[in-house]
Amino acid sequence: YLLLIGRSMGSSMGALHTLNEARACGCHVVAIDPRMPDIAYGNADWVGIRPGTDAAFVLGLINQMIENKTFDKEFLIRHTNGAYLIKSNGTPLTEADFRKDGSTSVFVVANSAGTLSLRSVKRDEKGAAIGFIEDENFKPELEFSGEAILANGEKEPVRTAFSVLKKLASEYTPEKVQEITGIRPEALKGIAFDYANNKGCIDDGWYTSKNGTDVELYQLICIANAMNGNIDQPGGLIVTAGAGFKVPSVAAGKGPNGETWAMAKEKRIDKIVYPETSGTYSVALDAAVSGKPYPIKAAFFVGTTMFHRQADAKKLAENLKKLDLVVVQDVLPQELVDYADYVLPATYFMERRDMSGVKWARDGSIYLSDPQLTPPKGCEARHDVWILLEILRRAYPERAEHVGYKGCKTAEEFNAYFGAFVDRGYKKFLDDCEKKKPGSAEAIRKSISENGWATIKTKKYGEYPYLKPFGTPTGKVEIYGFKSFSKPGYAQAIAPISGYIPSPAYTQPKADSNEFILVSGKNCVTCSGLNMFTQPTRFMGDRTVWMNPQDAARLGIRNGDMIEVEGMDSGYKANTQVTVTKRVVPGAVFAYGFSGGVRTKTLIKDPNYQFVKEGINSHWYDTGYAQPVVGNVANNSAVRINKVRG
Ligand SMILES: Nc1nc2c(c(=O)[nH]1)N[C@H]1C(S)=C(S)[C@@H](COP(=O)(O)OP(=O)(O)OC[C@H]3O[C@@H](n4cnc5c(=O)[nH]c(N)nc54)[C@H](O)[C@@H]3O)O[C@H]1N2
Ligand SMILES: Nc1nc2c(c(=O)[nH]1)N[C@H]1C(S)=C(S)[C@@H](COP(=O)(O)OP(=O)(O)OC[C@H]3O[C@@H](n4cnc5c(=O)[nH]c(N)nc54)[C@H](O)[C@@H]3O)O[C@H]1N2
Ligand SMILES: [Mo]
């Protein structure tokens, strides 16, 4: 049983094939999405939801599991921080509350008699988490509440993390959930029944740029998975194996041949503003205007579409003009090229040799792709790394020397230089495999030469968090985020657990009016800035905006009409064609990302590519709102739909 919340799968890297195998084996798939994803054409259910309200749905699901006692109590006690005690101010009770020299990383559980026991993560000399320190015979109470006597002699009311979750979830009755999400009580109850009965799993996504409340949502999704005890088990939410393959490369202060150097003291600019971000580009562009936290004067874009990727295209366009230097290194003349001082053409992956680990699969594998195309004679395009090294060599020759690069005149010369790293990494990897398991190197070499890939490590289930701790403060699945208390100011920004929060990223549209939430997603034929510029896209792509028949009737709009989409927050206006369809919920409109509204001057001079101008680019309507501390930027927005006459 698989629940997909805001996952279209139609585009998801090879996962569709596995999904279909699962369905053929009887896996029931349910998609919770404001629009019906393509997978729901087959034997999958689609449950429409009002955009940005998913947290209420998940809390409703958790509440049903608690009310019906269908949750995995044993798992919650043993493998989550559900039984860990929380003080009245919301912070965890720790050893430091009892002893002056006590640790704030040692947490406390209680049994039904009120006896306390300590729990913490076991670490090696280097600080790496290797296990748990806890009394396995101690039976913690999941719903304990009572008083603890602290070091200063004061009595402190305490309760378990699970009690906090239970109280929060209790507000999300099926009726309340319907009011917020639009999902019928019977649908919620049915999903809660099936999900628990089949020990289902909710995909945990990875694209957290929808409504500016995504971190909270994904935390709730993980909690709902823990409620089923279905973590790192077959058919559950798993930690993938990984192959452990590395080629000699450049890391902070370390070169491929063992060279070392001092790194600049400055932190990456987005890490200053959003310390927990995995990458928030808007900070750099803001700094181009404000000079804060430090001034940015130049930007170098390698293989990213920016205008179709980044929320708030309007600000992007303004900020790009403020930079002294913009360089775009790409394979196609996408919109960003219009803002570039220099355009550097790169070769495509099919023109290069590439060896790497497979990241997004259950088992750990490696692959080797050989070049299948040769760039035509006279073509200026070069391998991405070659371009970058040539710039490095001219700007900072000593740094290029650090990585043993002295300049290459021809592609063959560069490929030999670069290929040597891959060969060295591959050889070392094979030697290591052979040492661990004699005979394995030959088997891997054979599989690579015959298939282009080889599976190195088969997934072992039941490791995390049963034997190996997660990276959380407790090492367990945290149904109450202790990370929130790890640094000053964090608890205000990342609550340990949250209820439904209306999106702070855009104005909430008025019901039954011409105001809507605009959502986007990918599809197999038109997503990615690359596919957009292939001719078949003209015929396969969908550059319209979808609207529910109920809304269309109220506004007097018919299928195929031209409409004007006006940003409620951004003020931006553009015309496009409308598709009137029940595949989107009332109150929301949908457009594929990467599909339309291209404004580049260069490419669309070609009459064959005029079509890329059709449709809208949803990012012209975004506010650019980013979540504090984590920095994920919201892609959904609020728009007015106006009928175009004539
Ligand atoms: N062919 C192809 N395949 C690709 C890619 C590609 O470019 N081309 N890209 C790859 C990448 S980088 C990724 S991240 C994956 C993405 O794979 P998925 O995450 O499966 O795909 P998306 O289309 O981004 O999913 C977004 C879905 O969320 C819905 N949605 C929007 N707002 C809300 C909301 O508030 N609530 C809910 N419940 N749903 C909402 C949208 O309608 C959409 O269906 O695909 C990968 N696969
Ligand atoms: N509205 C909306 N916005 C979204 C999303 C959405 O669903 N809806 N999805 C979000 C997600 S999950 C992601 S991952 C991002 C993706 O955003 P991007 O990563 O910017 O998207 P791509 O379209 O994959 O951009 C790849 C660019 O690299 C170029 N390219 C391809 N191969 C090479 C190469 O070998 N070398 C070089 N130098 N260039 C190359 C292509 O021509 C293209 O211009 O977008 C995000 N933004
Ligand atoms: Mo992505």
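Since every read-out is calculated from the coordinates, none of them should be taken as a lab result. Here the structure is a predicted model, which means the values were calculated and not measured. With ideal geometry, Cβ positions are generated from the backbone for all residues, glycine too; neighbour counts draw on all protein chains shown.
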| task | Please find the FRET efficiency linking ALA511 to ALA317, where r is the Cβ-Cβ separation and R0 is fixed at 30 Å, and quote it to the nearest 0.05. | result | 0.35
| task | Give the shape of region 17-85 as rounded, prolate or oblate, defined through the alpha-carbon gyration tensor: a ≥ b ≥ c are the square roots of its eigenvalues, a/c under 1.5 means rounded, and otherwise the shape is prolate if a/b is larger than b/c and oblate if not. | result | oblate
| message | 7 Å from Cα along Cα→Cβ at both LYS409 and MET540: what's the point-to-point distance in nm? | response | 4.3 nm
| field | Proximal charge balance of PRO371 [Cβ under 9 Å; K/R count +1, D/E count -1] | value | -1
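Return the inverse of the average 1/r over all pairs of distinct C-alpha atoms in the chain, which is the Kirkwood hydrodynamic radius, in Å to one decimal.
Values: mean 1/r = 0.0362 Å⁻¹.
About 27.6 Å, per the Kirkwood formula over Cα pairs.
Give me the extension gain from ARG399 to ALA128: residue separation times 0.36 nm, minus the current Cα-Cα distance, reported in nm with one decimal. Display every interim value, and only then the final one.
Values: separation 271, 0.36 × 271 = 97.56 nm, distance 3.24 nm.
Contour length minus the Cα-Cα distance gives 94.3 nm.
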| What is the Cα coordinate range of region 515-643 on the first, second and third principal axes, sorted by size from largest, in whole angstrom? | 44, 38, 26
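Rounded to the nearest 0.05, what FRET efficiency is calculated for THR70 and SER145 with R0 set to 22 Å and r the Cβ-Cβ distance? Intermediate values should be presented prior to the final figure.
Numbers: r = 23 Å, r/R0 = 1.05.
So, using R0 = 22 Å, E works out to roughly 0.45.
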| query | Do any of LYS73/LYS139; LYS69/LYS199; LYS322/LYS522; LYS292/LYS314; LYS436/LYS460 go past 24 Å between their Cα atoms, and which? | reply | LYS322/LYS522
| Over what distance in Å are the Cα centres of region 115-174 and region 485-523 separated? | 30 Å
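Please list 125-135, 503-513 highest first by mean number of surrounding beta-carbon atoms within 10 Å per residue.
Working: 125-135: 12.0, 503-513: 16.3.
By packing density, highest mean first, the sequence is 503-513, 125-135.
Compare the peptides 86-97, 612-623 by average per-residue count of other Cβ atoms within 10 angstrom and give them in order, highest first.
Numbers: 86-97: 17.2, 612-623: 24.2.
In descending order of packing, they fall as 612-623, 86-97.
When you count, for each residue, the other Cβ atoms within 10 Å and take the mean per peptide, how do 377-384, 309-316, 362-369, 216-223 rank with the highest first?
Working: 377-384: 12.9, 309-316: 21.8, 362-369: 17.5, 216-223: 23.2.
My ranking of the peptides, most packed first, is 216-223, 309-316, 362-369, 377-384.
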| query | At what distance in angstrom do the alpha carbon centres of region 338-416 and region 540-585 lie from each other? | reply | 43 Å
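With each run of n ≥ 4 DSSP H residues scored as -39500 (n - 2.57), what mean residue ellipticity at 222 nm is computed for the chain after dividing by its residue count and rounding to the nearest 500 deg cm²/dmol?
Numbers: 17 runs with 171 residues, N = 646.
Helix contribution divided over all residues of the chain: -8000 deg cm²/dmol.
Could you compute the FRET efficiency for ASP431 and TYR342, with r as their C-beta to C-beta distance and R0 at 56 Å, rounded to 0.05?
Numbers: r = 43 Å, r/R0 = 0.76.
With R0 = 56 Å, the Cβ-Cβ based efficiency is 0.85.
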| field | Extension gain from ALA298 to THR602, taking 0.36 nm per residue of separation minus the Cα-Cα distance | value | 107.2 nm
| Pairwise centroid distance, computed over Cα atoms, of region 31-72 with region 226-251, Å | 25 Å
| Fraction of beta bridges assigned by DSSP in region 515-643 that are antiparallel (%, nearest 5) | 70 percent
| query | Counting only DSSP beta bridges with both residues in the chain, what percent are antiparallel, rounded to the nearest 5? | reply | 60 percent
| said: Using the basic label-point model (7 angstrom from Cα toward the beta carbon), what is the ARG268 to ASN575 distance in nanometres? | reply: 4.4 nm
| message | Under the 0.36 nm per residue contour assumption, what length would be gained going from the current alpha-carbon distance of ILE391 and SER447 to full extension? | response | 16.4 nm
| query | Do the alpha carbons of any pairs in LYS210/LYS254; LYS254/LYS483; LYS265/LYS428; LYS126/LYS446; LYS167/LYS483; LYS122/LYS167 sit beyond 26 Å of each other, and which pairs? | reply | LYS210/LYS254; LYS254/LYS483; LYS265/LYS428; LYS126/LYS446; LYS122/LYS167
